[in-house]
Each structure stands twice: as C-alpha cells, then as structure tokens.
Amino acid sequence: MAIVNRLTVDGRDYFLPDPVSELKGKILEAIKAGGGYVNIPPLRGGPGVDILFSPGMPVTWSQFEVGDSSGPADDTSDDATDYGL
C-alpha cells in the first residue's frame, strides 16, 4: 500500500508521493516571505511545475492510501494544520 498526497492550490490538484514534509516547509517559507515560487515534483517522472505561492492563497493537503482494494474506497485524512497563517 502506498501513501499519496494531494495538494490543492487555487482549485488545482497535484498528486505527490510521500514524504512531503520538506515540500510543506518550502511552501510555508515562500508564503512567510510574502510570496515565492516552489517546484512541485511530479508523481511519476518529469520536471514538475513551479507554482507561485502567496499569502492568502487557498492551499489544502489531503493524504490517502492506494493499492489495496480490501479497504474502504474513500479512506482519506485531511491535514488541517494551519501552520500559524
């Protein structure tokens, strides 16, 4: 079973493999600095995408498990931490 993270930025979804703690830190730093670009790596190969993060931008993290059909189909847990913003 694999953990997949969904990052939703301004209504667009990006799917990322675990771990994402370093990426969350980079996004937080960009927002605290008043805005900045952060490279979002692809789920499978490729260069990723640079996103400009700024204060007030809607950002949501979700995490779910994939790869085992014996569990519930909608087994998600949202990371509701606001990181002091």
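The values are calculated or read from the model by the stated rules, or taken from the named source; none is laboratory data. Computed from a predicted structure; not experimentally measured. Neighbour counts run over all protein chains shown; Cβ positions are idealised from the backbone, glycine included. The area values use the complete protein model at the heavy-atom level, side chains included, leaving out ligands, DNA and RNA. Shrake-Rupley method; radii C 1.70, N 1.55, O 1.52, S 1.80 Å.
Can you say whether Ala73 is in contact with a Phe, Trp or Tyr (Cβ under 6 Å, 6 or more places away or on another chain) and either open to solvent by 80 Å² or more (accessible area, probe 1.4 Å) or modelled with pLDDT of 95 or more (or both), as far as the supplied structure shows? Full working, then the answer.
Details: in contact with a Phe, Trp or Tyr (Cβ under 6 Å, 6 or more places away or on another chain): no; either open to solvent by 80 Å² or more (accessible area, probe 1.4 Å) or modelled with pLDDT of 95 or more (or both): yes.
Judged against the criteria, Ala73 is not a match.
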Completion exercise
Cβ pairs under 7 Å, 6+ apart or interchain, first in segment 22-48 and surrounded by 12 or more Cβ atoms within 10 Å (Cβ to Cβ), second of a type in the set (Lys, Arg), ordered by first then second residue, are Val38/Lys26
Completion exercise
Across segment 1-21, the tally of residues that are more than 14 Å from Pro55 (Cα to Cα) and open to solvent by 40 Å² or more (accessible area, probe 1.4 Å) stands at 13
Problem - Count - residues of segment 18-49 that are not polar (S, T, N, Q) and not in a loop (DSSP other than H, G, I, E, B) - result: 16
